[in-house]
Amino acid sequence: MTTRTGELLAAARDRALPLVRVLPDDALAAPTPCAEYDVRNLLNHLFHVVVGFQALAAREEADFSLTPDRLAEYGDGWRARFEEETGRLVAAWAVPGADQGVAGSMNLPARTVGAMALLDLTVHLWDLARATGLPWTPDTEGLRAPEELVAVMGPTARKAGVFGEPAPMPAGASAFEALLAGTGRDPRWSRPAA
């Protein structure tokens, strides 16, 4: 029997893979809504998160101090490797008890740590979709944990420079747009004209 965190990460992964599989190499230098990252750097960050949070699920140490250049390391096989590593992430969090107690070196409740992985695998996929013009929609069932995470940890994340200040929301904003705004993203962001 899988954990709830494992199920939610599996759904997020299933929505991520179709976008990643068709992401063109000529888009790697494109800007993203996550201002400090272009597409390439954002993908390297995602790899770092996906691998690090596998370790945290297993109650192991994870070093987030330096982001490796996984795309250079994996060459043309980076898309397949992303599929493999996200599969390992889902498997790590699906282990019974993975979302109980305290996870790894972060010394935070495991459910909170799992929600952090889910937030990245959701919000950063929106970043990639917006940056490249490729289609992607979030798993709406998987939004509750990231919403709660942003509501509780948002002020701390903003002080640490992980989130920007909350962005204005468009009239009639959806729950997902509110989540984006809470992380400092403009839900209306679109890629610059060529």
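The values are calculated or read from the model by the stated rules, or taken from the named source; none is laboratory data. This is a predicted model, so every value here is computed, not measured. All Cβ positions, glycine included, derive from the backbone under ideal geometry; neighbour counts span all protein chains shown. Heads up: the accessible areas ignore ligands, DNA and RNA and are worked out on the full protein's heavy atoms, side chains in. Shrake-Rupley method; radii C 1.70, N 1.55, O 1.52, S 1.80 Å.
So what's the range 91-148 giving for Cα Rg divided by 2.2 N^0.38 Å, two decimals? Provide the component values of the computation, followed by the final result.
On the way: Rg = 13.3 Å, N = 58, 2.2 N^0.38 = 10.3 Å.
Ratio of Rg to 2.2 N^0.38 Å for the range 91-148: 1.30.
What do you reckon, how do 93, 136 stack up by accessible area (1.4 Å probe), largest on top?
Putting 93, 136 in descending order of accessible area: 136, 93.
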**Prompt:** residue 102's amide H: which non-local residues (gap 5+, or another chain) put their own amide H closer than 5 Å, with H modeled 1.01 Å from N in plane and none for Pro or chain starts?
**Reply:** 110
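How big is the equivalent ellipsoid of the range 59-121 along its three axes, where each semi-axis is √(5λ) from the Cα gyration tensor, reported in whole Å from largest to smallest?
24, 14, 9
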**Fill in**
One computes Rg over Rh for the range 5-69 from alpha-carbon atoms, with the Kirkwood Rh, and obtains 1.00
**Request:** Subtracting the Cα-Cα distance from 0.36 nm times the residue separation, let me have the gained length for residue 100 to residue 191 in nm, one decimal.
**Result:** 28.8 nm
**Request:** Based solely on C-alpha atoms, express the radius of gyration and the Dmax of the chain in angstrom.
**Result:** 15.8, 49
**Request:** Please give the peptides 83-90, 109-116 ranked by average Cβ packing (other Cβ atoms within 10 Å per residue), highest first, as a rough proxy for protection.
**Result:** 109-116, 83-90
**Prompt:** Quick one: accessible area per residue over the chain, 1.4 Å probe, rounded to a whole number of Å²?
**Reply:** 49
**Asked** Got a sec to turn the phi values of the range 21-31 into Karplus ³J(HN,Hα) couplings, 6.51 cos²θ - 1.76 cosθ + 1.60 with θ = phi - 60°, whole Hz, x for Gly and Pro?
**Response** 4, 9, 5, x, 4, 6, 9, 5, 8, 5, x
**Euclidean distance of C-alpha centroids, the range 138-159 and the range 55-98, integer Å** = 21
**Message:** Apply the Karplus curve 6.51 cos²θ - 1.76 cosθ + 1.60, θ = phi - 60°, to the phi angles in the range 33-40 and return the couplings in whole Hz, x for Gly and Pro.
**Reply:** x, 8, 3, 7, 10, 8, 4, 4
**Item:** Within the accessible area of the chain (1.4 Å probe), percent carbon and sulfur
**Value:** 54
**Complete:** For the pair residue 63 and residue 17, the simple spin-label estimate (label points 7 Å beyond Cα toward Cβ) gives in nm 3.1
**Rh (Kirkwood; distinct C-alpha pairs) - the range 99-194, Å** = 14.2
**Asked** Which whole-Hz ³J(HN,Hα) couplings does the range 77-85 yield from phi under the Karplus relation 6.51 cos²θ - 1.76 cosθ + 1.60, θ = phi - 60°, glycine and proline marked x?
**Response** x, 5, 5, 5, 5, 4, 4, 5, 5
